[in-house]
Each structure stands twice: as structure tokens, then as C-alpha cells.
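A.B. asks: Okay, here's the structure, questions in a sec.
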Amino acid sequence: MSTQSGPAEGPLDPGLSAITSERRQLINLGYRLLGSLADAEDVVQETYARWYAMSPEQRDAIDSPGAWLTKIAGRICLDLLRSARVRRERYVGAWIPEPLPDRTEWISGRSGGTAVDPADRVTLDESVNMAFLVVLEAMTPAERVAFILHDVFRYPFPEVAEIVGRTPAACRQLAVSARRRMRASHAPATPATSAARRADVVRDFKRAWEAQDIDALIGLLDPDATAIADGGGLAEAALLPIDGGEQVARYLVDLAGRAAGMTVLERTVNGQPGMVVQQDGVTAAVLAFDVVGDRIHRIWAVRNPEKLRPWTSHRSGPTW
């Protein structure tokens with residue numbers, strides 16, 4: 001994609017401030033649609049490139065630049081989602097969305113030492129937690145776009161229809177189907193786990209893992225727990241999910257026993273309690289958790305160095 005976001009020379013566009021103020025919204029939209037901050041940034045650059053490719057007269061004729069930018073970004077994301085299905089068939093192992101650090105991690109530079117433009121930070125809420133993003137991956141591209149635009153960003157269906165290229169009624173049905181998928185992914189009749197309780201469970205899990213206490217780990221894992229790792233063929237990772245709480249616990253204890261110099265840190269991952277695993281001081285993996293009640297239902301371990309860019313530029317460590 002083009003990386004030109006505006007003219008290199010010439011007088012400042014009087015409407016530049018209004019246009020660039022849309023950047024945060026576009027980054028937020030792109031990340032939720034694509035599950036990748038890097039891809040979202042590319043989409044935003046391409047969107048701005050198309051804006052500046054128009055003549056001043058053409059730009060002046062657009063009543064709502066923000067709506068125009070969103071429409072273009074949405075269409076680019078839809079095309080990328082369609083092609084991503086083909087690319088991911090060739091992906092090595094499981095594909096997990098790119099994990100994001102807490103906003104303070106971006107500000108402090110603890111994740112890599114590079115200051116991040118505030119407009120580039122993704123707003124962290126329930127629509128970017130890992131469990132939500134993983135369910136989005138099971139949707140068709142059109143379902144995903146219609147659902148995110150309408151249910152998350154509150155765009156009316158007539159506007160969604162212009163982006164998806166279907167009728168408003170068809171887009172409404174796409175959103176209904178997406179909601180059905182989302183509801184089916186949550187444990188039935190289980191009360192929501194508070195943020196404080198989720199943090200306690202993950203903290204207890206960290207301590208049990210560091211102590212290699214297999215009984216404590218089994219007690220913290222749901223009997224049907226699943227652990228999934230994403231190395232993308234660029235870092236060692238288990239190619240198949242590990243199913244069953246006891247099997248996950250034994251795997252983690254074995255891993256800790258083989259990983260001399262491993263340090264586990266509590267971090268916020270996609271707005272939820274998570275962990276960063278370092279090997280000899282270098283980030284080796286980022287772990288996200290789905291906590292249901294008092295137990296961990298799913299663990300996602302991202303090892304692919306390309307997805308750890310917001311956290312580190314290096315990779316090391318044992319097989320996940």
C-alpha cells in the first residue's frame with residue numbers, strides 16, 4: 001500500500017486539522033476489523049492517500065470528510081479481509097489477533113522505547129479484548145464489517161450498506177448473524193467476571209506457573225480449557241491447540257522447567273489482565289486470557305515477532 005498520507009510540499013490545507021482528527025477513529029476501526037495494528041495503519045495511510053489524490057475541488061464537494069474517510073477505510077478493510085482468508089490458509093499454525101499493550105505502556109515506552117502519537121492509540125474497551133477479536137475471526141468479511149460498523153461504531157445501516165455493497169436490509173441480517181455468533185461464544189448462564197476478579201485469577205496463575213505448582217494450575221484452569229499459540233512460522237510455537245485443563249497445566253510446567261531465565265510479568269493485554277513472558281530480559285510472548293467465573297477458559301500466547309512490535313522488536317525463548 002502507499003504510505004503517502006498527504007502532500008509533501010505546498011501550503012497547509014485549511015481543512016487539514018479536521019481531516020487528521022479522524023485518524024484515531026480510523027485506526028480504531030481498522031484494528032477491530034483486521035485484528036492487526038500494522039494493517040490498520042496501512043489502511044489509514046492508503047485512505048489519506050486517496051483523499052489527497054483528489055483535486056481540491058473534489059475534496060471541497062464532499063459534505064462530510066469524516067464519513068468519506070470511514071467509507072473508504074471500510075471498503076479497503078473489506079477487501080483485505082477477503083484476501084486475508086486466502087493468506088491465512090497458508091499461515092503456519094494458529095492465527096491470533098495482534099495483542100495490544102495498555103495505553104500507559106505506549107506512553108512510557110516500556111514496550112519498545114518509542115513514543116507513540118496519541119492519535120494512533122487504539123481505544124481499549126470490550127470490543128478489543130482478545131475473546132471478542134477471536135470470535136470476529138470466525139465471521140465472514142461482510143458480517144464482520146457490518147457488525148463492527150453498526151454495533152460498535154453505531155453507523156446506521158444505510159451507511160453500512162454503502163461500504164459493504166449490499167442493501168440496508170441485507171446488512172441488518174449480517175449484523176444479526178454476527179450477534180448470534182458472538183452470543184454463542186460466551187458461556188451460558190455464567191455471570192460476568194469482574195475486572196478485579198480476573199486480575200486475581202491471572203495473578204494466582206502467574207504465581208502457580210512460576211512455582212511450577214501443577215495442582216494449583218489445574219485448579220485455576222477450567223477442565224475444558226484450551227491454550228493456543230501463534231508463532232506464524234517465525235518463532236517456535238505449538239502448532240496445535242492444547243485441550244484440557246490438566247494437559248495445559250502439564251505443558252506449562254514442562255515449559256517452565258526447560259526455560260532457564262524465564263520471567264513472567266503482569267501486563268494489561270487488550271484491556272484485560274494478561275502477561276508478558278521474557279527470556280533473558282527479551283520479550284518472548286504475550287499471553288491473553290479468557291476468565292469465566294473463577295477459572296481460565298482460554299489462553300492465547302502470541303509468539304510471532306511481527307505481532308509483538310508494540311511490545312518489543314526482539315524474540316527469543318522456548319517452544320510455546
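A.B. asks: Taking the Cα centroid of segment 36-75 and of segment 248-266, what is the distance between the two, rounded to the nearest whole Å?
C.D. replies: So the two Cα centres are separated by 46 Å.
A.B. asks: With a probe of 1.4 Å, find how much accessible area segment 232-297 has per residue, and write the answer as a whole number in Å².
C.D. replies: Counting only protein heavy atoms, the per-residue value for segment 232-297 is 41 Å².
A.B. asks: Not counting ligands, DNA or RNA, and with a 1.4 Å probe, what is ASP254's accessible surface area in Å² rounded to the nearest 10?
C.D. replies: It works out to around 80 Å².
A.B. asks: Roughly to the nearest percent, how much of the accessible area of segment 121-177 is carbon and sulfur, given a 1.4 Å probe?
C.D. replies: Values: 1220 of 2190 Å².
Whole-percent figure for carbon plus sulfur exposure: 56.
A.B. asks: Under a Cβ-Cβ cut-off of 13 Å, what is the net charge of the residues other than VAL248 that fall near it, where Lys and Arg count +1 and Asp and Glu count -1?
C.D. replies: Result for the local shell: -3.
A.B. asks: For the ranges 277-287, 296-306, 78-88, what's the packing order if you count other beta-carbon atoms within 10 Å of each residue, average per peptide, and put the highest first?
C.D. replies: 296-306, 277-287, 78-88
A.B. asks: On to the next question. Around ALA38, what is the net charge, scoring Lys/Arg as +1 and Asp/Glu as -1 over all other residues with Cβ under 10 Å from its Cβ?
C.D. replies: -3
A.B. asks: Provide the FRET efficiency to the nearest 0.05 for the ASP200-LEU265 pair, computing r from the beta carbons and using R0 = 25 Å.
C.D. replies: E between ASP200 and LEU265, to the nearest 0.05, is 0.90.
A.B. asks: Rounded to the nearest whole Å³, what is the per residue volume of the convex hull around the Cα atoms of segment 169-320?
C.D. replies: Spread over its residues, the Cα hull of segment 169-320 gives 131 Å³ apiece.
The values are calculated or read from the model by the stated rules, or taken from the named source; none is laboratory data. Computed from a predicted structure; not experimentally measured. Please note: Cβ atoms are built from the backbone with ideal geometry, for glycine as well, and neighbour counts cover all protein chains shown. These area figures cover heavy atoms from the full protein model, side chains too; ligands, DNA and RNA do not enter into them. Shrake-Rupley method; radii C 1.70, N 1.55, O 1.52, S 1.80 Å.
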